[in-house]
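Written below as structure tokens is the structure these notes are about.
The values are calculated or read from the model by the stated rules, or taken from the named source; none is laboratory data. Everything numeric in this text was worked out from a predicted model, so none of it was measured. Don't worry about glycine lacking a Cβ; one is built from the backbone with ideal geometry, like all the others, and counts go over all protein chains shown. Just the protein is used for accessible areas: all its heavy atoms, side chains included, with ligands, DNA and RNA removed. Shrake-Rupley method; radii C 1.70, N 1.55, O 1.52, S 1.80 Å.
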Amino acid sequence: MSRLTLSLACGDYEITRALADGQVRPDGIHLHVLTSDKERIFRLDRRSECDVAEFNVVQYLRARERGEPLTAIPVFPHRRFRHGSIFVNTASGIRTVADLEGRAVGIGGYEPAAAVWIRGILQDEHGLNLDKVDWQDVFGTFGRLPDGQDAPLLPTDSAARHRIDDLLTSGGVSATVSAYNPPSFLAGDPAVARLFPDFPRVEREYYARTGVFPVMHVVTIRQEVVDRHPWVPASLTAAFTAARRSAMERLRNPRTLPLAFVQDVWREQDELMGRDPWQYGLTPANVRAMELIVRYAREQGITTGDPSVASLFTPVDAEPSGETTII
């Protein structure tokens, strides 16, 4: 019996690479995998072009609220702590989170998950009144758009990143929230610094206190595919799980990564987050993270509903062993 051919748009991550190179094959499915960033983002913004797609979690919430025909499996290929993504102009006098009130803060789009998480964490954990910050969307996508429209995904081209960077270094904005390190910061420009200079410590403390590993992206499936082939979500979840487990096992070999202290890094992560913080499924920790992003999106005016986390995902086993083929 022939395998069902599906297209998958997904980032080139270690935990998904075995799917892209064919080492992991979902049972009954042949995947045509697209990982090029520019092409992937273009097609993600036109979701009907891909059967399965890694998708910004906030835009997924928007899509579901509008009734778009897609669902998701509880697979989270991109997660990241974001305290290190807030940069300030050193001449602005901003030293603490409270200093952001009354200031212009540049953002590259109001809806990207990174920006939503940062604002929510600054509100919940540091008492920032978001309404007292002058959020300047330098790409003109501030706030919710008319029904049926989505804010564009965060631009990834070099020119776009330099535009927001120029505003920061010139004082056009006092701070920026960005998923990318500003070019000026990478070049060592003293005009730019992180709001949290010791951000790794702050992020570890955040996790130790909350148990939340922020979800940036989910994996979506066109509803038509699920309706025609109800077994597909379980097969894909098993395959993503197998690919992740394979990567985690391989990367624990100290010879794999060219890092002098890689074993110390693994030990520190294990002690804080357990052996596999990237675990899929609707585990208590994953539900907590999703509940937060649902609330943040609603409170920030991006969505209006309050869906349960379970309703956002098609039911599958939390961590299935599946019939996935690993070659």
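For residue 172, the shell of other residues with beta-carbons less than 11 Å away shows a net charge of -1, using +1 for Lys and Arg and -1 for Asp and Glu.
Taking the highest mean first, how do the peptides 95-102, 169-176, 257-264 order by number of other beta carbon atoms within 10 angstrom per residue? Intermediate values should be presented prior to the final figure.
Working: 95-102: 14.8, 169-176: 18.9, 257-264: 11.0.
So the peptides 95-102, 169-176, 257-264, ranked by packing, come out 169-176, 95-102, 257-264.
The fraction of accessible area contributed by carbon and sulfur in the chain is 50 percent, rounded to a whole number (1.4 Å probe; ligands and nucleic acids excluded). Taking every DSSP bridge with both residues inside the chain, close to 55 percent are antiparallel.
Averaged per residue, the stretch 60-126 has 28 square angstrom of accessible surface, using a 1.4 angstrom probe with ligands and nucleic acids left out.
Count Lys and Arg as plus one, Asp and Glu as minus one, and take only other residues whose Cβ is under 15 Å from that of residue 89; the net charge is then -2.
May I ask you to give the solvent-accessible area per residue for the stretch 152-277, in square angstrom, as obtained with a 1.4 angstrom probe?
Details: 6470 Å² over 126 residues.
So the stretch 152-277 comes to 51 Å² accessible per residue, rounded to a whole number.
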